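Colleague: Pasting in a structure now, in structure tokens, and then I'll have a few things to ask.
The values are calculated or read from the model by the stated rules, or taken from the named source; none is laboratory data. Just so we're clear, the structure is a prediction, and the values are computed from it rather than from any experiment. Ligands, DNA and RNA are stripped out before the accessible areas are found, and what is left, the full protein with its side chains, is counted by its heavy atoms. Shrake-Rupley method; radii C 1.70, N 1.55, O 1.52, S 1.80 Å.
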Amino acid sequence: MNHILPDYYVSEATWFYLSLLLTLAVFFRFDRIFSLRNLDLILLLLISPGLLFLGDYPVVGNFWLFVGTGLFVIRMSIDCLFQRRPRGEQNLNSFGMAFLCVSIFAFFVVRVFTENPAPDTIQTVKQADSLLSMQDAGNTLKAQPAEAGPTARLLAAPVVPFSNAVVTGTLDHATLAARIMAILAHAFVVVGLIIMGKVHFADTQVGLAMALLYLLLPCTAYDVSKANHVLPAALLVWAFVTYQKPILSGIFMGLACGAMFFPVFLLPLWASFYWKNGLKRFVLSGTLVAVVLLGSLILTSVDRFSFTQQTIGSINWSVLKFEGGQHMPGFWSTYDSAYRIPVFVIFVLLITCLTIWPRRKNLGHLMSHTTAIIIATLLWYPQQGSVYLLWYLPMLLMVVFRPRLLHTTQNYEVDRNQQSGEKPSSRFQDSVSIAKHTSQ
């Protein structure tokens, strides 16, 4: 790579300034300064300096990110109070945004192949290798608990044989597989956002705008190699893409729960969304995914003790302990862990409120409430907490760019259209088109 781009390097501070200028040039509404879109854009840009402060001033950086995370929780919790969603044109046409998406993604590929992969991604690749060879992985997890769940190793399994086939020279096949995983994870997010805009928002330009802003924001570039943190967000994006089909949505949600712990807190909300219209299919498909994931653990277990060890090691139980937070990096490292208890209690109350209110939810409620719960998780999470912006960034962008979705209440319209033989997307797109013209 050095032969193609000699001395290629873009520092984090340089990327922040370039991202700031490009984001303002493409997305800022200069004709309507005081608009909800501009407010969201400013919040997204203001949280990025906290990541820069983590290097030299970790206390300031963690406090900055904690405050920004709290503001996002409030913003997402009250999103449905903003009934007027005027369509905001971008300052660049669709072809220009598509060109920028391809160009920035190419730079990400270069960055992934020029820096060392994240250690947890390497560990996931090794676990996938053990799965393919059916070797016992219980002792490995006992020595070093996994950061990601069994979904990561299951989805990484197809990448390992490919990396073994093309690896040459001194390059480690695990390193190549980890890099490919990172690229594919970001690609699934980008494609999912574009399809979300085209199908459910009835506007391909909005989909390109969400994908471009996802690639432009500094947090994506800073953690571009952390595939395990991108994977659950990618699966949740596709759960939204397929929300009209509870079986597919349940599969993606089940995989997301098996990738990281935080999607588990979303299950009550999604169950209340489907309720009498698709809940059984959603639960059944998610249960089948859980059975498949447990089966993958059985393949790498030689006995019952090894299976138990892998099952326990697949979950980071330290996040549920409200003691010993001082040795963990992050906001709570400078405070007593007992202060996390009231924050966790408020978090549980937030889940309860967003699950039962409103009783009849539409897609807009589901998106904003899902994002609020994920972001609120980071407020009590002890290990770097608010640093993991990629957990919720794609869903946050969907809320920022979404139109009015009052006609997507639960799954009633979808089921009725399927029974009558009508395509659900046609009425949906007609309603969105009418909403866009009336908002203008």
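Colleague: Could you sort E115, E89 by their accessible area in this structure, using a 1.4 Å probe and putting the largest first?
Modeller: Numbers: E115 50, E89 80 Å².
Output order, biggest surface exposure first: E89, E115.
Colleague: Let me ask another. On the protein heavy atoms, probe 1.4 angstrom, tell me the percent of accessible surface of region 1-111 carried by carbon and sulfur.
Modeller: Details: 4700 of 6470 Å².
Exposed carbon and sulfur together represent 73 percent of the surface.
Colleague: Any of K276/K361; K226/K280; K245/K361 with alpha carbons more than 24 Å apart? Name them for me. Can you show the working numbers first?
Modeller: On the way: K276/K361 12 Å; K226/K280 34 Å; K245/K361 16 Å.
Those over the limit are K226/K280.
Colleague: Mean shadow of region 54-94, computed from the convex hull of its alpha carbons, in nm²? Please report the intermediate quantities before stating the final value.
Modeller: On the way: hull surface 20.9 nm².
In nm², the orientation-averaged hull projection of region 54-94 is 5.2.
Colleague: Between region 203-281 and region 325-386, what's the alpha-carbon centroid distance in Å?
Modeller: After rounding, the separation between the Cα centres reads 17 Å.
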